[in-house]
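Only one structure is covered here, and it is reproduced in the block below.
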């Protein structure tokens with residue numbers, strides 16, 4: 001009897017050890033919420049990432065994309081942050097275009113604090129290019145001509161989105177009159193409206209600018225690039241991207257200097273710079289909800305970090321976006337999320353006023 005019990009206990013221990021070694025995502029499905037519509041910039045990035053990350057996540061889960069556009073990207077982010085129709089069980093995550101404005105101002109549109117509700121898996125940095133129709137009255141020949149525009153109609157997603165807020169602040173600092181036109185579901189819809197002359201100014205992430213704007217708007221002579229948004233350098237001053245400078249693109253502060261003969265300044269410009277800095281350093285974010293199993297977090301972080309050296313992912317991303325991905329670690333994403341909760345009161349008021357106007 002003792003021998004039988006010993007054998008039985010040994011079998012149970014072997015079975016338990018075998019079960020413990022089964023990867024968390026073995027035979028499982030991960031639903032990935034994307035906060036804009038199918039075919040948009042973030043949707044494309046999410047699908048490229050999902051296609052390649054599975055090779056590096058232990059257990060090789062099936063990943064399905066769940067598009068949840070609305071409220072300038074906040075709908076999908078709320079779904080994950082509030083665990084709507086899901087649980088923090090590691091099987092629902094989010095891949096989002098991150099708008100820093102809502103968390104900077106504690107907007108009721110975003111119904112949680114990102115640094116409290118999300119666990120960072122990784123992210124992508126990205127630059128944003130503003131552009132306008134050449135026939136915007138009285139006509140544009142150089143980017144600095146925007147400073148004498150009679151009236152601009154800007155296309156965007158929602159008043160609280162960083163996309164829209166940055167355009168408003170940029171034109172406010174230049175004292176250019178404008179009317180915001182919001183509620184577009186995707187970048188493709190905005191570009192279509194610009195081509196049809198329903199709006200005459202907007203902005204896009206660099207990949208969308210290369211793949212959609214250059215061939216459909218710039219090359220046919222419909223529009224031209226105005227600027228790309230500056231970020232805050234290590235010295236605390238506005239700085240740009242040397243690679244974009246070499247391509248003939250100019251920072252917002254450079255265009256302003258050429259238009260007015262002096263650098264931009266004032267609280268509105270400081271608010272613009274703060275939003276630019278966060279939105280550029282965390283253009284895309286990959287998250288699980290707080291409370292997700294540590295095994296799930298570790299597995300996805302391992303997979304995401306491995307993309308840095310994945311030739312298939314790098315080639316696929318560059319083929320589609322015409323640029324290399326600039327991957328951000330989970331620790332770097334967490335630092336940016338922390339910055340969002342530390343806006344000075346003066347900056348917060350300017351952003352709130354801009355949204356409310």
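The values are calculated or read from the model by the stated rules, or taken from the named source; none is laboratory data. Nothing here was measured: the structure is a model prediction, and the numbers come from that model. Counting neighbours? That spans all protein chains shown, and the Cβs are built from the backbone with ideal geometry, glycine included.
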* Asked: In the range 265-302, how many are outside any helix (DSSP H, G or I) and either closer than 20 Å to residue 203 by Cα or in the same structural domain as residue 83 (by TED's automatic domain parsing) (or both)?
  -> 12
* Structure fact -> Only one of 220, 215 is out of contact with any helix residue (DSSP H, G or I) (no Cβ under 6 Å at 6 or more places or on another chain), modelled with pLDDT of 90 or more and in a loop (DSSP other than H, G, I, E, B), namely 220
* **residue 243 being part of a helix (DSSP H, G or I) and within 21 Å of the chain's Cα centre (by Cα)** => yes
* Structure fact -> Picking from 125, 159, 168, the residue that is surrounded by fewer than 24 Cβ atoms within 10 Å (Cβ to Cβ), within 15 Å of residue 41 (Cα to Cα) and touching a strand residue (DSSP E or B) at 6+ places or on another chain (Cβ under 9 Å) would be 125
* In the range 64-74, is there at least one residue being closer than 26 Å to residue 340 by Cα, surrounded by 22 or more Cβ atoms within 10 Å (Cβ to Cβ) and out of contact with any strand residue (DSSP E or B) (no Cβ under 8 Å at 6 or more places or on another chain)? -> yes
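Residues are listed down the side, and each one gets a yes or a no for (1) in contact (Cβ under 8 Å) with a residue 60 or more places away in the chain; (2) more than 30 Å from residue 78 (Cβ to Cβ); (3) out of contact with any helix residue (DSSP H, G or I) (no Cβ under 7 Å at 6 or more places or on another chain):
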| site | (1), (2), (3) |
| --- | --- |
| 261 | no, yes, yes |
| 276 | yes, no, no |
| 300 | yes, no, yes |
| 305 | yes, no, yes |
| 319 | no, yes, yes |
* For residue 314, are the conditions met, namely being at pLDDT below 90, crowded, with 16+ Cβ neighbours inside 10 Å, out of contact with any strand residue (DSSP E or B) (no Cβ under 7 Å at 6 or more places or on another chain) and in a helix (DSSP H, G or I)? -> no
* Please give the strands (runs of 3 or more DSSP E) falling wholly within the range 40-143 in which 1 or more residues are over 30 Å from residue 344 (Cβ atoms) and not assigned by TED's automatic domain parsing to the domain that holds residue 321. => 128-133
* Structure fact -> Of the conditions (1) surrounded by 14 or more Cβ atoms within 10 Å (Cβ to Cβ); (2) free of Cβ contacts under 8 Å to residues at least 60 places away in the same chain; (3) closer than 30 Å to residue 86 by Cα, the single one that residue 251 does not satisfy is (3)
* Residue ID - nearest to the chain's Cα centre (by Cα), chosen from residues in the range 209-220 that are in contact (Cβ under 8 Å) with a residue 40 or more places away in the chain and closer than 20 Å to residue 146 by Cβ -> 209
* Asked: Out of all the residues in the range 165-186, is one or more closer than 29 Å to residue 329 by Cα, in contact (Cβ under 8 Å) with a residue 40 or more places away in the chain and not in a loop (DSSP other than H, G, I, E, B)?
  -> yes
* Assess whether residue 177 counts as being surrounded by fewer than 17 Cβ atoms within 10 Å (Cβ to Cβ) and on the phi < 0 side of the Ramachandran plot. => yes
* Structure fact -> For residue 114, the lone unmet condition from (1) buried (at least 21 other Cβ atoms within 10 Å of the Cβ); (2) under 17 Å from residue 335 (Cα atoms); (3) touching a strand residue (DSSP E or B) at 6+ places or on another chain (Cβ under 7 Å) is (3)
* Would the range 28-42 turn up any residue that is out of contact with any strand residue (DSSP E or B) (no Cβ under 6 Å at 6 or more places or on another chain) and modelled with pLDDT of 95 or more? -> yes
* Asked: So which residues in the range 187-199 are in contact (Cβ under 8 Å) with a residue 24 or more places away in the chain, out of contact with any helix residue (DSSP H, G or I) (no Cβ under 7 Å at 6 or more places or on another chain) and over 25 Å from residue 318 (Cβ atoms), if there are any at all?
  -> 193, 197, 198
